[in-house]
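Chemist: Encoded as structure tokens, here's the structure I'll be asking about.
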Amino acid sequence: MNLHLTYRPQTLADLVGQPAVQTCLTQALQRHQIAPAYLFCGPRGTGKTSTARILAKSLNCLSHDGPTDMPCGTCGTCKGIVTGSALDVTEMDAASHGGVDDARELVKTCQLAPVQGRYRVIILDEAHMLTSQAQNALLKLIEEPPARVVFILATTEPHKVLPTIASRCLSFEFRPIAQKVIKAYLTEIANAEGIPVNPSAIEAMARLCQGGLRDALQLLAKAALLDHQPVTAQDLYRLVGQIGPGELKSLVTAIQTRNVVTLMQGSRDLMEAGHTPEAVHGALLAVYHDLLLLLEAPGQTQLLTSLLTKQQLAPLAQATDAQQVYDALDVLDGAERQLRFSPTPQPWLEATLLKLMPERSRPSSTPDLTPEQVWRRVLAIAQPKAKALLETYCQLSHIDLSRGVATLVVDAAKQATLTKHKGKVQGIVEDAVGQSIQLTLVFADPDPDYEAELAEVAG
């Protein structure tokens with residue numbers, strides 16, 4: 001069942017989720033304002049190649065006397081473009097035909113007048129795969145094409161297209177399609193094809209395809225092959241090898257409640273089910289991203305990106321606070337490289353999960369200390385050379401022992417020195433208060449009166 005081919009758009013009116021592209025191309029065809037070259041860029045599965053073929057049909061449809069935004073789809077040219085046999089339309093995959101010799105053949109082809117239609121259309125799919133020599137060979141042709149020749153370049157990586165070519169094209173950006181648009185479209189097709197799927201499965205497809213309609217249709221086609229109906233979200237996650245929302249929620253709950261046994265067992269179960277440590281890391285990153293959004297911007301549920309719904313995220317958000325989520329994001333950020341490049345990523349994943357657990361609350365051994373009191377302790381335990389530097393050029397302006405943060409104001413004249421030795425200074429502060437401290441340096445311009453006083457004393 002090739003749903004992505006069966007439901008491929010045949011006119012601009014059929015294009016899904018790209019209203020700006022649809023409007024601009026429709027107006028251009030209606031006004032007969034045809035550019036010599038177009039550049040369609042955007043993620044895969046968003047309609048670039050389909051739109052290129054629609055534009056080719058709109059320019060050459062034999063049922064109309066000129067360019068039209070409603071090609072008939074039944075004339076010889078329209079059918080030939082669909083089957084790839086149209087004489088006036090050349091579609092080339094630059095991934096396999098991206099050499100300079102292929103480009104020179106295109107140059108020769110463009111010198112020929114159209115045979116059946118009004119325009120000779122050249123569609124270059126995956127245009128970023130053209131070699132630099134091939135792009136340079138086409139540059140003059142795209143800059144000054146022969147009459148009745150239109151180039152359409154489609155690419156997922158526009159930064160790899162030479163700027164000299166991109167600047168000569170009329171560019172259209174195909175954006176990832178909104179989830180609500182994909183859900184409505186999949187529901188319509190599932191009803192038309194008689195595929196029984198739960199709304200939760202439709203929502204899961206819309207999340208998993210990441211804005212690509214072709215991927216969404218292929219997921220729906222896979223779901224139709226399952227041996228039990230209706231298809232649920234859990235069936236779909238199992239089908240594509242994705243971590244399910246239930247497993248993910250259990251993992252985060254174990255982290256929040258410091259349930260080490262459940263956490264380690266859940267991690268091992270995911271590994272045995274074939275999920276990679278990188279996949280678990282990515283899923284957790286999306287969950288903590290959503291938790292932060294719920295805490296900092298409660299009403300913006302349209303920004304949620306993880307596999308968990310708002311209803312599943314709500315109790316997790318209530319069991320934490322923004323600072324703990326920020327700390328968790330820092331842990332995940334630091335673990336990404338180890339998980340990606342380590343030959344043994346599973347121990348790194350388990351260590352990361354343990355580090356994600358919030359610290360046990362414990363009474364501070366140094367309650368109610370003011371910055372002045374802490375600073376006196378710091379100077380008392382610092383080595384003579386460090387003490388002279390800190391006493392002359394630094395001052396502790398703020399400390400919060402409950403959060404483990406402190407701010408040190410530093411004379412800008414010693415910015416390089418204190419930045420270099422920040423770790424040592426932070427260690428002295430930690431020794432003074434008996435706990436971990438995250439030290440922030442703030443650099444201030446020197447006080448002119450104080451500088452004059454120092455100079456007078458030195459003199």
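Chemist: Determine if region 437-447 includes at least one residue that is over 30 Å from Gln324 (Cβ atoms), modelled with pLDDT under 90 and of a type in the set (Asp, Glu).
Modeler: Scanning region 437-447 turns up at least one residue that is over 30 Å from Gln324 (Cβ atoms), modelled with pLDDT under 90 and of a type in the set (Asp, Glu).
Chemist: Condition (residue is more than 32 Å from the chain's Cα centre (by Cα) and either closer than 26 Å to Gln22 by Cβ or not polar (S, T, N, Q) (or both)) applied to region 125-132: is it met by at least one residue? Before you say what the answer is, go through the steps one by one.
Modeler: Restricting attention to region 125-132, the residues satisfying the condition of being more than 32 Å from the chain's Cα centre (by Cα) are none.
Among the residues of region 125-132, not one is more than 32 Å from the chain's Cα centre (by Cα) and either closer than 26 Å to Gln22 by Cβ or not polar (S, T, N, Q) (or both), which makes the answer no.
Chemist: What tally of residues in region 123-148 results from selecting those that are surrounded by fewer than 14 Cβ atoms within 10 Å (Cβ to Cβ) and of a type in the set (Asp, Glu)?
Modeler: Final tally of qualifying residues: 2.
Chemist: Quick one: Val16 ticks every box in (1) touching a helix residue (DSSP H, G or I) at 6+ places or on another chain (Cβ under 6 Å); (2) in a helix (DSSP H, G or I) bar one, so which box is it?
Modeler: Answer for Val16: the failing condition is (2).
Chemist: Check off (1) in a helix (DSSP H, G or I); (2) in contact with a helix residue (DSSP H, G or I) (Cβ under 8 Å, 6 or more places away or on another chain) for Leu5 and give me the number that stays unchecked.
Modeler: Looking at each condition in turn, Leu5 falls short on (2).
Chemist: Would you check if there is a residue in region 169-180 being in contact (Cβ under 8 Å) with a residue 60 or more places away in the chain, under 12 Å from Leu220 (Cα atoms) and touching a Pro at 6+ places or on another chain (Cβ under 9 Å)?
Modeler: Among the residues of region 169-180, not one is in contact (Cβ under 8 Å) with a residue 60 or more places away in the chain, under 12 Å from Leu220 (Cα atoms) and touching a Pro at 6+ places or on another chain (Cβ under 9 Å), which makes the answer no.
Chemist: Sort through Gly76, Gly84, Gly45 and tell me the only one that's touching a Leu at 6+ places or on another chain (Cβ under 7 Å), of a type outside the set (Lys, Arg) and surrounded by fewer than 18 Cβ atoms within 10 Å (Cβ to Cβ). If you could, list the steps in order and put the result at the bottom.
Modeler: Numbers: Gly84 fails: touching a Leu at 6+ places or on another chain (Cβ under 7 Å); Gly45 fails: surrounded by fewer than 18 Cβ atoms within 10 Å (Cβ to Cβ).
Just a single option satisfies the conditions, and that option is Gly76.
Chemist: Of (1) buried (at least 17 other Cβ atoms within 10 Å of the Cβ); (2) touching a His at 6+ places or on another chain (Cβ under 9 Å), Gly241 satisfies all except one. Which?
Modeler: (1)
Chemist: Is there a residue in region 114-122 that is surrounded by fewer than 17 Cβ atoms within 10 Å (Cβ to Cβ) and without any contact (Cβ under 8 Å) to a residue 60 or more places away in the chain?
Modeler: Keep residues of region 114-122 that are surrounded by fewer than 17 Cβ atoms within 10 Å (Cβ to Cβ), which gives 115-116.
Restricting the remaining residues to those that are without any contact (Cβ under 8 Å) to a residue 60 or more places away in the chain gives 115-116.
Yes, region 114-122 contains at least one residue that is surrounded by fewer than 17 Cβ atoms within 10 Å (Cβ to Cβ) and without any contact (Cβ under 8 Å) to a residue 60 or more places away in the chain.
Chemist: For region 207-265, which positions are over 30 Å from His4 (Cα atoms), outside any helix (DSSP H, G or I) and either of a type in the set (S, T, N, Q) or assigned by TED's automatic domain parsing to the domain that holds Glu188 (or both)?
Modeler: Thr257, Asn259 - these are the residues of region 207-265 that are over 30 Å from His4 (Cα atoms), outside any helix (DSSP H, G or I) and either of a type in the set (S, T, N, Q) or assigned by TED's automatic domain parsing to the domain that holds Glu188 (or both).
Chemist: Looking at (1) farther than 24 Å from Pro71 by Cα; (2) touching a helix residue (DSSP H, G or I) at 6+ places or on another chain (Cβ under 6 Å); (3) in a loop (DSSP other than H, G, I, E, B), can you tell me which one Pro145 breaks?
Modeler: (2)
Chemist: Still on this structure: Condition test on Ile182, is it crowded, with 23+ Cβ neighbours inside 10 Å, modelled with pLDDT of 90 or more, closer than 15 Å to Leu307 by Cβ and not acidic (Asp, Glu)?
Modeler: no
Chemist: Which of (1) acidic (Asp, Glu); (2) assigned to a strand (DSSP E or B); (3) over 34 Å from the mean Cα position of the chain (by Cα) is the odd one out, the single condition Glu91 does not satisfy?
Modeler: It fails just one condition, (3).
Chemist: Please go through region 423-445 and give me each residue that is touching a Leu at 6+ places or on another chain (Cβ under 6 Å) and of a type outside the set (A, V, I, L, M), ordered by number.
Modeler: Within region 423-445, Gln426 is the sole residue that qualifies.
Chemist: Please work out which one of (1) closer than 25 Å to Thr51 by Cα; (2) of a type in the set (A, V, I, L, M); (3) in a helix (DSSP H, G or I); (4) touching a Ser or Thr at 6+ places or on another chain (Cβ under 8 Å) is the condition Ala201 fails and give its number.
Modeler: (1)
Chemist: Now for a separate question. Here are the criteria: (1) assigned by TED's automatic domain parsing to the domain that holds Ala113; (2) under 23 Å from the mean Cα position of the chain (by Cα); (3) assigned to a helix (DSSP H, G or I). Tell me which single one Ala137 does not satisfy.
Modeler: If we test Ala137 against (1) assigned by TED's automatic domain parsing to the domain that holds Ala113; (2) under 23 Å from the mean Cα position of the chain (by Cα); (3) assigned to a helix (DSSP H, G or I), just (2) comes out false.
Chemist: Quick check: is even one residue across region 293-301 of a type in the set (A, V, I, L, M, F, W, C), buried (at least 16 other Cβ atoms within 10 Å of the Cβ), under 22 Å from Gln234 (Cβ atoms) and under 18 Å from the mean Cα position of the chain (by Cα)?
Modeler: Taking every residue of region 293-301 in turn, none turns out to be of a type in the set (A, V, I, L, M, F, W, C), buried (at least 16 other Cβ atoms within 10 Å of the Cβ), under 22 Å from Gln234 (Cβ atoms) and under 18 Å from the mean Cα position of the chain (by Cα).
Chemist: If Glu391 satisfies all but one of (1) within 42 Å of the chain's Cα centre (by Cα); (2) charged (D, E, K, R); (3) modelled with pLDDT of 90 or more, what's the number of the condition it fails?
Modeler: Of the numbered conditions (1) within 42 Å of the chain's Cα centre (by Cα); (2) charged (D, E, K, R); (3) modelled with pLDDT of 90 or more, the odd one out for Glu391 is (1).
Chemist: Based on what the data block shows, is Ala416 aliphatic (A, V, I, L, M), assigned to a helix (DSSP H, G or I) and in the same structural domain as Gln438 (by TED's automatic domain parsing)? Can you show your working first?
Modeler: On the way: aliphatic (A, V, I, L, M): yes; assigned to a helix (DSSP H, G or I): yes; in the same structural domain as Gln438 (by TED's automatic domain parsing): yes.
Considered against the rule, which asks whether it is aliphatic (A, V, I, L, M), assigned to a helix (DSSP H, G or I) and in the same structural domain as Gln438 (by TED's automatic domain parsing), Ala416 comes out as yes.
Chemist: OK, next. Just the residues that are among the β-branched types (Val, Ile, Thr) and either touching a strand residue (DSSP E or B) at 6+ places or on another chain (Cβ under 6 Å) or not assigned by TED's automatic domain parsing to the domain that holds Leu441 (or both), please, taken from region 388-413. Before the answer, list the steps.
Modeler: Taking region 388-413 as the starting set, the residues that turn out to be among the β-branched types (Val, Ile, Thr) are 392, 399, 405, 407, 409-410.
Correct list: Ile399, Val405, Thr407, Val409, Val410.
Chemist: Related question: In region 38-69, which residue that is out of contact with any helix residue (DSSP H, G or I) (no Cβ under 7 Å at 6 or more places or on another chain) and free of Cβ contacts under 8 Å to residues at least 60 places away in the same chain is nearest to Arg120 (Cα to Cα)?
Modeler: So the residue we want is Gly66.
The values are calculated or read from the model by the stated rules, or taken from the named source; none is laboratory data. Note that the structure is a prediction, hence the values are computed from the model and not measured. Quick reminder, even Gly has a Cβ in these numbers, built from the backbone with ideal geometry, and neighbours come from all protein chains shown.
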